[in-house]
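Worksheet: one structure, shown below.
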Amino acid sequence: MRMIAGRLLALVPVLFGLCVLSFALLASVPGDPVTAMLGLEADPAAIATLRAKYALDEPLPLRFLAWFWQVLHGDLGRSIQTGRPVLEMIGAALVPTLQLALAALLVSLVIAIPAGVVAATRRNGPADFAATLVALCGLSLPSFWLGILLIMGFSIALPVLPSSGHVAFLADPWEALRHLALPALTLGAAMAAATMRMTRAAMIEILSADFIRTARAKGVPARGVVWRHALRNALMPVVTLVGLQLGQLMGGVVVTESVFSWPGIGKLTVDAIFARDFPVVQGAILVTATLFVLINLVTDLLYAVLDPRLRKRA
Amino acid sequence: MSAVMTRAPLWRRLLRDPRAALGLLLVGLAVLGAVLAPLLPLPGPETPDFLATLAPPGGAYPLGTDDLGRDTLSRILAGARVSLLVGVASVGAALLLGGAIGLLAGFLGGWVDVVLMRLMDVLLAFPGILLALGITAALGASLTNTVIAIAVVNLPVLARVARGQALALRGLDYVRAQQALGFGPLTILWRAVLPNALSPILVQASVLLASSIITESYLSFLGLGVQPPTPSWGNMLRDAIGFLDQAPWLAWFPGLAIFLTVLGFNLLGDGVRDRLDPRD
């Protein structure tokens, strides 16, 4: 409990810093943000209205405090482009992003864990060499290029999967899955590489532990030793890495969503940047970074739950 | 490890490791291409040939041409210059500033440490690409701003490594001896701490080169990094999206260039880390 309270308390300055930085990013746009939003030839009356609306004539610290007060009350302002509340737009975009993130996570685990275990049990053999090489290539592959290659393969050369768009699960589950396949594979492959390396390293360490030797000596079949005894213990560091990666995924979705026109928070951010819709940019960056911090916190806590030694130490 | 091997220079030890040697080769090719591009008998990267638009690879254009008839090979070599420049400049800037912040925070401790490292924590609280995106959105898309954005992303990573080193070194006898002799903190940092903290910081910096090149390609791909007509691998892929069915080579080659260069830096980074890690 004390550990959880401590971690939550440490979060306060970081979240405040996130707010300051998100605000500062918008405030540092060169020139007048109103001109940036409305263009050089805007009507002076419209400029005056917008300046008053965003309190742009106030000193910067006061503007920050006013904005921060709004944020604390769950108000991220309204989109300049659509007039809709920013929070509502972000909420709508988060659903497809979370779908994509979970699907990518599933893809990465299905590839990485068996590959990592096989590589560790056949250490220095051809299977290990191949898995390690593929993982290293996966780490060096820019995900948007993999996305483009998949589109060329599965949407153009062999037109079996759609190259863009999103279908709601409730509307048509089969079409929803077909639309999800390529983006999830793109994002999942990048995660799989790191997870596979971690699974392999953790398994190699665990397989030489005393309790594994005991299990073998007791006559537990080799398969049981590897998949039941060793993997269970090797998963600990893997859980941490997966958690951290899920956080990083919040960044990775920006590019993948743009390649596949996936209407998530990443695409929302990029589109808003081009439309100079700064309240949306600011809100989306703040929400994504907050999610990133929270996912990292949950990962830390989950690790403590899984590993009783850490709980005792805390 | 034998005494002879330990004394051999780093590059020679790297060449003995097949993975690191491959990394060195790939990075070397990228550097060579970037440096020698202007000397090669190729059309300029921005020179259009309207009689040869979307020409497939072969003949006068070994890697084909784009929709304006510009030579893909020439543009990839020019893109290498941009990618390497952004990578080295952004990591270099982060190395100088992040190294200084981390060493000061770790060595001085107290409130300096708390303030500086909380600031770094805030930067680390953003997913890297998102922070870079926010910065380029605020500053405007250009080559210089791309370097600044990626440098800010790299800053906290290097500051943390430098701080860790300074913390470990400040309790050692030879550092405390300098304090006893009455040298000021900056002198001690410069003369005793920096030289001994440098190698782990440099290893981390070499690892960051790969991620910086990828981040640059992401930003340019999204249209927020290096701006046309200056070719970069990312903005070449952005242009290629519209021609995937007619001219797939426009997407193959720039992507392959990013992949091989980043693979090279990753292999080299792994090799350097293995060689410099005394536990290895």
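The numbers here are math on the coordinates, done by the rules we state, and not lab data. Bear in mind that the values here come from a model prediction, so they are computed numbers and not experimental data. Positions of Cβ are backbone-derived with ideal geometry, glycine not excepted, and every protein chain shown enters the neighbour counts.
The table below gives the values:
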quantity	calculated
Size of electric dipole in region A:192-302: Cβ of Lys, Arg +1 and of Asp, Glu -1, about Cα centre, debye, nearest 20	740
Residue exposure sequence - B:SER142, A:SER22 - by fewest surrounding Cβ within 10 Å	B:SER142, A:SER22
A:ALA46-B:ALA168 FRET efficiency (beta carbon distance; Förster radius 51 Å; 0.05 resolution)	0.30
Alpha-carbon spread of region A:165-314, three principal axes, descending order, Å	66, 40, 26
Kirkwood hydrodynamic radius over Cα pairs of the protein assembly as shown, then Stokes diffusion coefficient at 10 °C and 1.306 mPa s, in µm²/s	61
Projected area averaged over orientations for region B:86-146, convex hull of C-alpha atoms, nm²	4.5
Region B:82-225 - Kirkwood radius from inverse mean 1/r over Cα pairs (Å)	15.7
Mean projection area, nm², convex hull over Cα of region A:1-89	7.2
Summed side-chain charge close to B:LEU15 - residues other than B:LEU15 whose Cβ falls under 14 Å, Lys, Arg +1, Asp, Glu -1	+3
Max mean-square fluctuation residue, GNM over chain A, Cα-Cα springs under 10 Å, options A:VAL12, A:VAL118, A:VAL134	A:VAL12
For chain A: span of alpha carbons on each principal axis (Å, largest first)	84, 57, 35
Over region A:58-167, equivalent-ellipsoid semi-axes from the Cα gyration tensor in Å	43, 21, 13
Proximal charge balance of B:ARG70 [Cβ under 9 Å; K/R count +1, D/E count -1]	-4
Radius 13 Å from Cβ of B:ALA141, net charge of other residues (Lys, Arg +1; Asp, Glu -1)	+1
Among B:ILE188, B:ILE214, B:ILE129, residue whose mean-square fluctuation peaks in a GNM of chain B (springs only between Cα atoms under 10 Å)	B:ILE188
Rounded FRET efficiency, nearest 0.05, which uses the C-beta distance separating B:LEU10 from B:PHE183 and R0 of 30 Å	0.50
Contact order relative to length of region B:156-235, as percent, for alpha carbon pairs under 8 angstrom and 6 or more apart	23
Gain in span if fully extended, A:ALA222 to A:TRP174, counting 0.36 nm per residue against the direct Cα distance	13.3 nm
Sorted by Cβ neighbour density within 10 Å, fewest at the top, the residues A:PHE23, B:PHE183	B:PHE183, A:PHE23
Region A:184-247, relative contact order [Cα under 8 Å, separation at least 6], %	45
Length-normalised contact order of region A:35-184 in % [C-alpha pairs under 8 Å, at least 6 apart]	14
For chain A, calculated [θ]222 nm from helices alone, where every DSSP H run of n ≥ 4 adds -39500 (n - 2.57)	-25000 deg cm²/dmol
Highest-fluctuation residue, B:ARG160, B:ARG75, B:ARG13 considered, GNM on chain B with Cα pairs under 10 Å	B:ARG13
Sorted by Cβ neighbour density within 10 Å, fewest at the top, the residues A:CYS19, A:CYS137	A:CYS137, A:CYS19
